[in-house]
Structure formats: C-alpha cells, structure tokens
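All remarks here apply to the structure that follows.
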Amino acid sequence: MRTFCSLLLILATTGCAFIGSGARSGDPFRDAGESQVAVFIENRTASDVMVEAVGPGVREEIGLVAARANQRVGVRWTRTQNLRFQLSPVAGRRYTTNDVNVGPGDRVFLVIQAPLDRSYVQR
C-alpha cells in the first residue's frame with residue numbers, strides 16, 4: 001500500500017508539472033520551435049552592433065552581430081504582437097527600428113545599415 005501511495009504521489013506531481021508547462025506556452029500541442037520568431041539579421045555596416053528584440057512587456061537580448069555578417073536567431077515569442085529591434089553600435093547612438101506585427105512561428109528580416117536610422121524590419 002505504501003508503494004502504491006508513493007507511486008500515486010509521483011504521478012500526480014509529474015502530471016501537475018506537465019500541465020503547468022503547457023499552460024505557460026498557451027497551447028500544450030505547440031512545438032517549442034513554434035513559440036519563437038525566426039530572425040534573419042544582415043549587418044551591412046562596418047561596425048559590430050548589439051541587438052535586442054523589443055515588444056510590449058518583452059525585451060530579449062539577441063547579442064552582438066559582427067560587422068558585415070549574417071546571423072539567424074530565434075526569439076522567444078508566445079503571441080501575436082508588435083516586434084521592434086533596438087540597435088546599439090559599439091560606438092555611436094542607439095536606434096530603435098520600425099515595428100512589425102508577428103506571431104509565433106513567423107519569420108522576420110532585420111537589415112542593419114549605416115546610418116542606423118536607415119535600418120529596417122520586414123516580414
């Protein structure tokens with residue numbers, strides 16, 4: 001009987017943890033890759049640029065994108081909302097791009113140009 005109760009307790013705890021993780025993502029059948037936005041970054045400048053994804057209540061650091069380099073990253077994004085990027089060059093003023101409305105599973109393209117206010121985002 002004691003073993004049965006222990007087994008029941010373990011199963012109940014594991015089940016609650018599983019249900020809890022599905023509740024956070026909003027859809028228990030959604031693949032982890034579907035709770036992200038794929039971001040393709042092209043840095044056309046001669047400077048390294050620090051990039052952050054910004055949305056309502058969301059700020060995620062993507063990292064440093066090297067000068068004249070391309071990079072693909074996934075940004076955790078759980079619902080449809082506006083996405084912008086904050087660009088911080090190693091030397092110079094910070095710039096925030098235009099916004100684009102995206103949801104989980106979407107792809108966006110960020111093109112970084114000099115001067116930074118010519119940079120843009122598109123779906």
> Only one of (1) over 21 Å from GLY92 (Cα atoms); (2) modelled with pLDDT of 65 or more; (3) surrounded by 14 or more Cβ atoms within 10 Å (Cβ to Cβ) fails for SER25. Which number is that?
Replying inline: (2)
> In the stretch 86-123, which residues are in a strand (DSSP E or B) and without any contact (Cβ under 8 Å) to a residue 40 or more places away in the chain?
Replying inline: GLN86, LEU87, SER88, TYR95, VAL100, ASN101, TYR120, VAL121, GLN122
> Do we find that VAL51 is surrounded by fewer than 18 Cβ atoms within 10 Å (Cβ to Cβ), among the hydrophobic types (A, V, I, L, M, F, W, C) and not in a loop (DSSP other than H, G, I, E, B) in this structure?
Replying inline: no
> If only one of ARG44, ARG72 is surrounded by fewer than 16 Cβ atoms within 10 Å (Cβ to Cβ) and closer than 15 Å to TYR120 by Cα, which one is it?
Replying inline: ARG44
> Going by the structure shown, is ARG68 modelled with pLDDT under 95 and assigned to a loop (DSSP other than H, G, I, E, B)?
Replying inline: no
> If TRP77 passes every condition in (1) touching a Gly at 6+ places or on another chain (Cβ under 9 Å); (2) modelled with pLDDT of 95 or more but one, which one does it miss?
Replying inline: (2)
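The values are calculated or read from the model by the stated rules, or taken from the named source; none is laboratory data. If you're wondering where the values come from, they're calculated on a predicted model, not measured in any experiment. Neighbour counts are summed over all protein chains in view; Cβ atoms, including those assigned to glycine, are modelled from backbone coordinates with ideal geometry.
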